[in-house]
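Engineer: Got a structure for you, questions after.
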Amino acid sequence: MTTKKTINLSDFLPYRLANLANNVSEAFSEVYCDEFDLSIPQWRILVNLFEHGLVTAKDLGDLAAMDKSTVSRAVKIMLVRGDLIKIVNEKDKRAYYLQLTEQGKDLYYAIAPKALDWESDLLSVLDVNEQKNLMLIIDKLDKKIAFK
């Protein structure tokens with residue numbers, strides 16, 4: 001008789017990583033949700049626009065791993081708030097790029113130090129070598145997934 005394989009969720013890496021990612025995202029959102037009135041998708045758009053500059057909404061979805069409707073809703077709110085602007089694509093007048101306004105950049109600069117402090121506090125349970133190894137492991141797993 002063959003033994004049927006089962007999954008023990010507490011040891012199953014995909015489950016553990018998904019839970020960790022959700023928990024980190026939710027806990028970290030406390031840094032910007034209340035004080036700065038940003039949702040998780042808006043935060044992701046803010047930091048990606050700051051890092052990448054002029055990008056399309058589709059690019060934002062790819063960069064931040066968000067679906068089109070989530071990006072669209074967040075962008076609409078951020079446009080109304082004045083955090084970003086639309087710039088018409090000269091090659092295709094139907095398309096547009098998104099860019100942070102000065103207000104959006106100021107918002108980023110207000111949140112960034114708090115975000116870095118939060119990250120530092122989270123990583124404080126690991127020594128320097130463990131932190132480096134964690135980043136190496138994340139990179140390796142990310143590359144492995146990218147080739148699937």
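Engineer: Taking Leu63 as the residue in question, decide whether it is surrounded by 15 or more Cβ atoms within 10 Å (Cβ to Cβ), at pLDDT below 95 and out of contact with any Asp or Glu (no Cβ under 8 Å at 6 or more places or on another chain).
Structural biologist: Against the criterion (surrounded by 15 or more Cβ atoms within 10 Å (Cβ to Cβ), at pLDDT below 95 and out of contact with any Asp or Glu (no Cβ under 8 Å at 6 or more places or on another chain)), Leu63 qualifies.
Engineer: Same structure, new question: Among the residues in region 101-111, are any in contact with a strand residue (DSSP E or B) (Cβ under 6 Å, 6 or more places away or on another chain), surrounded by 15 or more Cβ atoms within 10 Å (Cβ to Cβ) and hydroxyl-bearing (Ser, Thr, Tyr)?
Structural biologist: Taking every residue of region 101-111 in turn, at least one turns out to be in contact with a strand residue (DSSP E or B) (Cβ under 6 Å, 6 or more places away or on another chain), surrounded by 15 or more Cβ atoms within 10 Å (Cβ to Cβ) and hydroxyl-bearing (Ser, Thr, Tyr).
Engineer: Going through region 85-123 one residue at a time, which ones are closer than 25 Å to Asp37 by Cα and of a type in the set (Gly, Ala, Ser)?
Structural biologist: Scanning region 85-123 gives Gly104, Ala110, Ala112, Ala115, Ser120.
Engineer: Between a residue in region 117-137 that is outside any helix (DSSP H, G or I) and any residue that is among the polar types (S, T, N, Q) and modelled with pLDDT of 95 or more, which pairs come within a Cβ distance under 9 Å, given they are 6 or more apart or on different chains?
Structural biologist: Close Cβ pairs (under 9 Å, with a partner that is among the polar types (S, T, N, Q) and modelled with pLDDT of 95 or more) amount to Leu126/Asn133.
Engineer: Right, here's the next one. What tally of residues in region 55-84 results from selecting those that are more than 19 Å from Phe36 (Cβ to Cβ) and over 17 Å from the mean Cα position of the chain (by Cα)?
Structural biologist: The total comes to 0.
Engineer: Which condition number in (1) loosely packed, with under 12 Cβ neighbours inside 10 Å; (2) under 16 Å from Pro113 (Cα atoms) is the one that Asn8 fails?
Structural biologist: With (1) loosely packed, with under 12 Cβ neighbours inside 10 Å; (2) under 16 Å from Pro113 (Cα atoms) applied to Asn8, the lone miss is (2).
Engineer: What are the pairs with Cβ atoms under 6 angstrom where one residue, in region 97-111, is without any contact (Cβ under 8 Å) to a residue 40 or more places away in the chain and the other, located anywhere, is surrounded by fewer than 18 Cβ atoms within 10 Å (Cβ to Cβ) and not small (Gly, Ala, Ser)? Sequence gap at least six, or different chains.
Structural biologist: Thr101/Ile85
Engineer: Taking region 32-54, which residues are within 14 Å of the chain's Cα centre (by Cα) and among the aliphatic types (A, V, I, L, M)?
Structural biologist: Residues satisfying the conditions are Leu38, Ile40, Ile45, Leu46, Val47, Leu49.
Engineer: Suppose we filter region 11-35 for residues that are surrounded by 16 or more Cβ atoms within 10 Å (Cβ to Cβ) and among the aromatic types (Phe, Trp, Tyr); how many remain?
Structural biologist: Total satisfying the criteria: 2.
Engineer: Do any residues in region 28-39 that are under 16 Å from Leu116 (Cα atoms) have Cβ atoms under 7 Å from those of residues that are of a type outside the set (D, E, K, R) and not in a helix (DSSP H, G or I), where the two are at least six apart or on different chains, and which pairs are they?
Structural biologist: What qualifies is Tyr32/Leu38.
Engineer: Can you tell me which condition Ser124 does not meet? The list is (1) in contact with a helix residue (DSSP H, G or I) (Cβ under 8 Å, 6 or more places away or on another chain); (2) over 28 Å from Ala74 (Cα atoms); (3) hydroxyl-bearing (Ser, Thr, Tyr), and all the others hold.
Structural biologist: Single failed check for Ser124: (1).
The values are calculated or read from the model by the stated rules, or taken from the named source; none is laboratory data. Since we're looking at a predicted model, the values are computed, not measured. For neighbour counting, all protein chains shown are included, and Cβ atoms are generated from backbone atoms with ideal geometry for every residue, glycine included.
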